[in-house]
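Structure, as structure tokens:
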Amino acid sequence: MSQQYWNLLIYRVPAQPSTKRVYIWRKLKSWGGLYLQQSVCVLPHREDFQRYLEELKTDILASGGEADLLTVAIDDAEQNTMLIQRFQQQAEEEYQEFLGRCRDFHKELDRERQISNLTFAELDENEAELAKLRSWLPKIRDRDLFDTPIYATVLDALTACEEDFQLFSQQVYDAQGLETGDA
């Protein structure tokens, strides 16, 4: 049985203004934190998270809130596995949303092809959408603290978007009577 250590942040902030609550929630979620219940968040015990959480605790206290930061050890392998699975489920939900956006990207390109809207304006618009996908995936990956298995599928989906965009780009250039790179 291997003991696993976790950082547990339990906090309370004044109800108003709500901006502090939202700020804390966003910070914790951006690090991949898992909420066990309202104002109770857990992260794996790592040096970087320890430092971030100590700074956040100081910030909460300075704003008139209350906070306890605990390092807890769980000896029960089954409990550790359940926590890890909850972290993976949280990451998988984000990956599923990403996959949905990839499907939407393909549908948009298909729709533009069907109506022969092969213009540089459409090319720019879809290039911006692809850029959003490219910048979003690393953020999700950073929050995927336990290497959710679906990640390989998500990488393939992004590659498929990039390939579809390249095909669309070529179709736009062909429709405009230009060689790729002439514009």
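So is Leu145 assigned to a helix (DSSP H, G or I), at pLDDT 95 or above and under 15 Å from the mean Cα position of the chain (by Cα) or not? Judged against the criteria, Leu145 is not a match.
Among the residues of segment 47-66, those that are aliphatic (A, V, I, L, M) and under 12 Å from Leu28 (Cα atoms) comprise Leu53, Leu56.
Applying the condition of being in a helix (DSSP H, G or I) and free of Cβ contacts under 8 Å to residues at least 24 places away in the same chain to segment 1-33 and asking which residue is nearest to the chain's Cα centre (by Cα) yields Arg26.
Is there a residue in segment 6-18 that is β-branched (Val, Ile, Thr), outside the structural domain of Glu94 (by TED's automatic domain parsing) and more than 24 Å from Phe146 (Cβ to Cβ)? Taking every residue of segment 6-18 in turn, at least one turns out to be β-branched (Val, Ile, Thr), outside the structural domain of Glu94 (by TED's automatic domain parsing) and more than 24 Å from Phe146 (Cβ to Cβ).
Determine, yes or no, whether Leu109 is at pLDDT 95 or above, more than 29 Å from Gln3 (Cβ to Cβ), in a loop (DSSP other than H, G, I, E, B) and more than 22 Å from the chain's Cα centre (by Cα). Write out each step before concluding.
Numbers: at pLDDT 95 or above: yes; more than 29 Å from Gln3 (Cβ to Cβ): yes; in a loop (DSSP other than H, G, I, E, B): no; more than 22 Å from the chain's Cα centre (by Cα): yes.
Against the criterion (at pLDDT 95 or above, more than 29 Å from Gln3 (Cβ to Cβ), in a loop (DSSP other than H, G, I, E, B) and more than 22 Å from the chain's Cα centre (by Cα)), Leu109 does not qualify.
For Asp68, the test of being in contact (Cβ under 8 Å) with a residue 40 or more places away in the chain and over 15 Å from the mean Cα position of the chain (by Cα) is passed.
Restricting segment 117-138 to residues that are more than 13 Å from Leu158 (Cα to Cα) and polar (S, T, N, Q) leaves a set whose member that is surrounded by the most Cβ atoms within 10 Å (Cβ to Cβ) is Asn126. The set of residues in segment 148-183 that are outside any helix (DSSP H, G or I), of a type in the set (Val, Ile, Thr) and either buried (at least 16 other Cβ atoms within 10 Å of the Cβ) or in contact (Cβ under 8 Å) with a residue 12 or more places away in the chain (or both) comprises Thr148, Ile150.
Sort out which residues of segment 17-64 are exposed (fewer than 13 other Cβ atoms within 10 Å of the Cβ), of a type in the set (Gly, Ala, Ser) and closer than 17 Å to Asn7 by Cβ, and write them in order of number. Answer for segment 17-64, where residues must be exposed (fewer than 13 other Cβ atoms within 10 Å of the Cβ), of a type in the set (Gly, Ala, Ser) and closer than 17 Å to Asn7 by Cβ: just Ser30. Residue pairs whose Cβ atoms lie under 7 Å apart, separated by 6 or more positions or on different chains, with the first residue in segment 34-59 and over 16 Å from Arg143 (Cα atoms) and the second exposed (fewer than 15 other Cβ atoms within 10 Å of the Cβ), are Ser39/Arg12.
Out of Gln96, Gln85, Gln114, Gln90, one residue alone is modelled with pLDDT of 95 or more, of a type outside the set (Phe, Trp, Tyr) and crowded, with 18+ Cβ neighbours inside 10 Å. It is Gln90. Taking (1) out of contact with any helix residue (DSSP H, G or I) (no Cβ under 9 Å at 6 or more places or on another chain); (2) crowded, with 16+ Cβ neighbours inside 10 Å; (3) farther than 22 Å from Lys139 by Cα; (4) not polar (S, T, N, Q) in turn, Ala67 satisfies each apart from (1). For segment 34-63, taking the residues that are touching a helix residue (DSSP H, G or I) at 6+ places or on another chain (Cβ under 9 Å) and assigned to a loop (DSSP other than H, G, I, E, B), the one that is nearest to Gln90 (Cα to Cα) is identified as Ser39.
The values are calculated or read from the model by the stated rules, or taken from the named source; none is laboratory data. Please read all numbers here as calculations on a predicted model, not as lab measurements. So basically every Cβ, Gly included, is an ideal-geometry build from the backbone, and we count neighbours across all protein chains shown.
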